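Enquirer: Structure in structure tokens, see below.
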């Protein structure tokens, strides 16, 4: 299979798209989730019982807040990976398909103007 220059450019552009969009989407989704989880953790910490009155209840509540934050973070990371993969990989075959469809239609219309 011989690749012409345009196909080679398309392959390079696809690779750049997958890497660039994948990294950008993962970073932005992870950062957004991290800020939301940190705010949620701060809100949870503000409702902790007074540690001077009951240290064991304070530690148990603090561990519960920490556990909730860790669970939320692991879920957010898996969601960020899924979003990154979705935004990076789905447009590539769609772009190639649309490009080939346009080339097919242009050639089909050009053949209609050729006199036999």
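Enquirer: Is it the case that residue 8 is in a helix (DSSP H, G or I), more than 16 Å from the chain's Cα centre (by Cα) and at pLDDT 85 or above? Step through it out loud before you land on a result.
Expert: Details: in a helix (DSSP H, G or I): yes; more than 16 Å from the chain's Cα centre (by Cα): yes; at pLDDT 85 or above: yes.
Criteria met by residue 8.
Enquirer: Follow-up. Can you tell me how many residues within the range 43-59 are surrounded by 10 or more Cβ atoms within 10 Å (Cβ to Cβ) and not in a helix (DSSP H, G or I)? Steps first, answer last, please.
Expert: First, the residues of the range 43-59 that are surrounded by 10 or more Cβ atoms within 10 Å (Cβ to Cβ): 43-45, 48-49, 51, 54-55, 57-59.
Cutting the leftovers down to not in a helix (DSSP H, G or I) gives us 48-49, 51, 54.
Summing the residues that are surrounded by 10 or more Cβ atoms within 10 Å (Cβ to Cβ) and not in a helix (DSSP H, G or I) in the range 43-59 gives 4.
Enquirer: Could you grab me the full set of residues in the range 60-103 that are modelled with pLDDT of 95 or more and either more than 30 Å from residue 24 (Cα to Cα) or part of a loop (DSSP other than H, G, I, E, B) (or both)?
Expert: Once the filter is applied, which keeps residues that are modelled with pLDDT of 95 or more and either more than 30 Å from residue 24 (Cα to Cα) or part of a loop (DSSP other than H, G, I, E, B) (or both), the range 60-103 yields only 90.
Enquirer: Let me ask another. If we keep just the residues of the range 12-33 that are under 13 Å from residue 95 (Cβ atoms) and surrounded by 12 or more Cβ atoms within 10 Å (Cβ to Cβ), which is nearest to the chain's Cα centre (by Cα)?
Expert: 21
Enquirer: Which of the residues belonging to the range 76-92 are in contact (Cβ under 8 Å) with a residue 40 or more places away in the chain and either surrounded by 16 or more Cβ atoms within 10 Å (Cβ to Cβ) or over 8 Å from the mean Cα position of the chain (by Cα) (or both)?
Expert: Hits for the range 76-92 are 76, 77, 80, 83, 84, 87, 88, 89, 91, 92.
The values are calculated or read from the model by the stated rules, or taken from the named source; none is laboratory data. Quick caveat, the model's predicted, so the values are computed rather than measured. FYI the Cβ positions are ideal-geometry reconstructions off the backbone, even for glycines, and counts take in every protein chain you see.
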